[in-house]
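Read the structure below first, then the notes.
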Amino acid sequence: MTKQAPASALVAAVGGIVNVKSYGATGDGTTDDTVAIQAAISTGKSVVFPAGTYACVGLSQNTNFQRFYASGPAFLVK
């Protein structure tokens, strides 16, 4: 049986990935996380969303090469 590393270990091991919570997102479903998520996206790096529900609107992306990952069930809601 192969043991999987936690997503946090993957994020730490791989350069070029930012965590939305490092930019202030809460993922509690009620706090407006738009500014924090947009700040993470604006880095141009790939973005990881830890498990949670992120309230946000009007996000924009600067590059077609950016990737988005979830480490557990993550939802974006208006």
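Under the condition of being farther than 11 Å from I37 by Cα and at pLDDT 95 or above, the residues counted in region 49-67 number 4. Of the residues making up region 49-62, those that are open to solvent by less than 40 Å² (accessible area, probe 1.4 Å) and out of contact with any helix residue (DSSP H, G or I) (no Cβ under 7 Å at 6 or more places or on another chain) are G52, A55. Of all residues in region 8-35, those satisfying the criterion of being exposed (fewer than 14 other Cβ atoms within 10 Å of the Cβ) and at pLDDT below 95 are S8, A9, A12, A13, V14, G15, G16. Yes or no: region 36-45 includes at least one residue that is touching a strand residue (DSSP E or B) at 6+ places or on another chain (Cβ under 8 Å) and loosely packed, with under 14 Cβ neighbours inside 10 Å. So far as region 36-45 goes, no, none of its residues is touching a strand residue (DSSP E or B) at 6+ places or on another chain (Cβ under 8 Å) and loosely packed, with under 14 Cβ neighbours inside 10 Å.
For region 63-78, the set of residues classified as within 18 Å of S22 (Cβ to Cβ) and surrounded by 13 or more Cβ atoms within 10 Å (Cβ to Cβ) consists of Q66, F68, Y69, A70, S71, A74, L76, listed by residue number.
If you filter region 29-76 down to residues that are assigned to a helix (DSSP H, G or I) and of a type in the set (S, T, N, Q), you find that the one that is nearest to the chain's Cα centre (by Cα) is Q38.
The values are calculated or read from the model by the stated rules, or taken from the named source; none is laboratory data. Note that this is a predicted model, so its numbers are computed, not measured. For neighbour counting, all protein chains shown are included, and Cβ atoms are generated from backbone atoms with ideal geometry for every residue, glycine included. What goes into the accessible areas is simple: the full protein's heavy atoms, side chains included, and nothing from ligands, DNA or RNA. Shrake-Rupley method; radii C 1.70, N 1.55, O 1.52, S 1.80 Å.
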